[in-house]
Amino acid sequence: MAVEELQSIIKRCQILEEQDFKEEDFGLFQLAGQRCIDEGHIEQLLEIIQNEKNKVIINNMGWNLVGPVVRCLLWNKEDEKRKHYFLMLDLLVKLCNPKELLLGLLELIEEPSGKQISQIILLLLQPLQTVIQKLRNNKAYSVGLALSTLWSQLSLLPVPYSKEQIQTDDYGLCQCCKALIEFTKPFVEEVINDKENSVESENEKLKDELLKFCFKSLKCPLLTAQFFEQSKEAGNDPLRCFASEIIGFLSAIGHPFPKMIFNHGRKKKTWDYLEFEEEEDKQLADSMASLAYLVFVQGIRIDQLPMVLSPSYLLQFNMGHIEVFLQRTEESVFSKGVDLLENGLLRIEDNSLLHQYLEIKSFLTVPQGLVKVMTLCPIETLRKKSLAMLQLYINKLDSQGKYTLFRCLLNTSNHSGVEAFIIQNIKNQIDVSLKKTHDNKWFTGPQLISLLDLVLFLPEGAETDLLQNSDRIMASLNLLRYLVIKDNEKDNQTGLWTELGKIENNFLKPLHTGLNMSKAHYEAEIKNSQENSQDVQKSKDLCSVTVGGEEIPNMPPEMQLKVLHSALFTFDLIESVLARVEELIEIKTKSTPEENIGIK
């Protein structure tokens, strides 16, 4: 019945001119063709499509059958039937109007979600390529539209994170990336082989669309993609192969590779002919950061860069990219920033990075970004590596650079542990300065005193939360203890003895008062907790304790007591070091210059 109905429609249309086809004819043709497919009349439908007499009708209306055929291919797993469906799809691609087919295929690609996205992309990439190559006009627009649609769908797929996820490729992203390269290659070759250089040429427009696609691919999936270690396995890494091909495309059709790499911050000069949408323009920084990581850390196409570039020059260019990475919240992204920073720093000798570089914004925002990773990242290995990179960065700076960075981080970190880390580094630099034969003005005398003003004080005086600031306070006391021991009042190389009165008023006395207040408060809480625990012991209920105006989360009484005793132990430790510092000060101020006090 369906076949007869379709033949009747075709017979009626055969006597009409192409321009006389009505919208109603298209609808009836689609419904009848759909019924033929649903009822399994595939062979008869193939005969109708292949009939030379129906050429004009199929050219105009046949694209309506592509959707039903594609859906059958997605759902039908019988090899014999699938063979007929593939044949029908090939015939429709060959015989139908390419313009209508292009739009129809892109609509089909946009429809699915989840795992079906990769299935339909893998199915339709070859037909889509064939259709575009048949188009005589506006090929660049068609390629751009197709690549944009494909990229939009691929960007919905989760990027595999681990080696196992890459190998299993549950959502088919890796397969799609490989197929997408094959889809794009003929158009790249067309641009390369073209001899015209006119900016207005169709080929230049095609080049622009391909460049846009490459930059989008650098952002997604390559910005978040993880790669195998650089070894024999690297050749089997589909995402690494995709990255290599994309960079190859950029190198082949874009600007010379070195100019493209060092483009960051000057995109308006280099890519001004690419009319990026506003949102795409913002994403270019992500794409360039991804490119820098792939080249310098993964080593892709690095052999194309000149070997004469200085390590500090490379670091300067990459700092902007590192900043972009560290601003992101995904571990898979900001970890690349840490890796790229390590790659740059390892090329530089200790104490050789000039302080003038800190006048460049990224040279201060990058260490601040490392602090955020150190304090907020849930992954311990990344926290530790960020700490190691911050120390490595400090080691590479010259004395004035270290001094400037220390001041910056003390003012911005707002984290007791980080401040303690910086104070320890200050102590190390003072030690180096005191051992040198020539003066180092940045960690002795007036400059050091200015830095110590940020260290030897309590932010809120005696009311400072000593428990929360315990790391910083202990580091400050140890630094003060070191200074008292190492610098005699007569020499006063550090300027400590001139400023001792201010240090006592701003730091030591408020710390005494704060310790007395804190210990009294916690001892009272311990007493209350012990009394409460006796009341609830039989019922085994949870109890709560308020410390410093904040309630400790409900926990068993014995755990509450353990926490409170731990706080008291911290206060005792601080008090012990404080007492030793004051003892040393008293001894030094009363002793003769000949006396030498060793570190105990």
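Taking 28 Å as the cut-off for C-alpha to C-alpha distance, list the pairs among 427/502; 94/185; 372/562; 372/519 that go past it. If you can, show how the numbers build up before the last one.
Numbers: 427/502 20 Å; 94/185 21 Å; 372/562 30 Å; 372/519 32 Å.
Result: 372/562; 372/519 exceed 28 Å.
What accessible area, in Å² to the nearest ten, does a 1.4 Å probe give for residue 403?
10
Which order do 576, 155 take by accessible area at a 1.4 Å probe, largest first? Spell out each step's value before the answer.
Details: 576 70, 155 45 Å².
Per-residue accessible area, sorted high to low, gives 576, 155.
As a test question: what accessible area, to the nearest 10 Å², does residue 79 have when a 1.4 Å probe is rolled over all protein chains in place?
Using a 1.4 Å probe on the heavy atoms, I get roughly 130 Å².
Figure the gain on full extension for residue 583 and residue 168 (residue separation times 0.36 nm, minus the Cα-Cα span) and round it to one decimal in nm.
Working: separation 415, 0.36 × 415 = 149.40 nm, distance 6.65 nm.
Once the chain is fully extended between residue 583 and residue 168, it gains 142.7 nm.
Provide 224, 168 ordered by accessible surface of protein heavy atoms (probe 1.4 Å), highest first.
On the way: 224 35, 168 90 Å².
Per-residue accessible area, sorted high to low, gives 168, 224.
Residue farthest toward the positive end of the dipole of segment 279-332, with Cβ of Lys/Arg at +1 and Asp/Glu at -1: which of 326, 291, 304?
304
Between residue 155 and residue 395, what length in nm is gained on full extension when 0.36 nm per residue of separation is reduced by their alpha carbon distance?
Working: separation 240, 0.36 × 240 = 86.40 nm, distance 4.03 nm.
Using 0.36 nm per residue and subtracting the Cα-Cα distance, I get 82.4 nm.
Arrange the peptides 394-401, 132-139 so that the one whose residues have, on average, the most other Cβ atoms within 10 Å appears first. Don't skip to the end; give the middle numbers.
Values: 394-401: 19.4, 132-139: 14.1.
The densest-packed peptide leads the list: 394-401, 132-139.
Over the heavy atoms of residue 301, what accessible area does a 1.4 Å probe trace out, to the nearest 10 Å²?
80
Heavy atoms only, 1.4 Å probe, whole protein assembly: order 558, 583 by accessible area, highest first. Before the final figure, lay out the partial values.
Numbers: 558 130, 583 85 Å².
Listed by decreasing accessible area, they come as 558, 583.
Could you tell me the calculated FRET efficiency between residue 43 and residue 303, based on Cβ-Cβ distance and R0 = 56 angstrom, to the nearest 0.05? Please list the in-between numbers first.
Numbers: r = 56 Å, r/R0 = 1.00.
That pair, residue 43 with residue 303, gives E of 0.50.
The values are calculated or read from the model by the stated rules, or taken from the named source; none is laboratory data. Keep in mind it's a predicted model, so treat the numbers as computed, not measured. In this analysis, Cβ positions are derived from the backbone assuming ideal geometry, glycine residues included, and neighbour counts consider all displayed protein chains. Areas reflect the complete protein model, heavy atoms only, side chains present, ligands, DNA and RNA absent. Shrake-Rupley method; radii C 1.70, N 1.55, O 1.52, S 1.80 Å.
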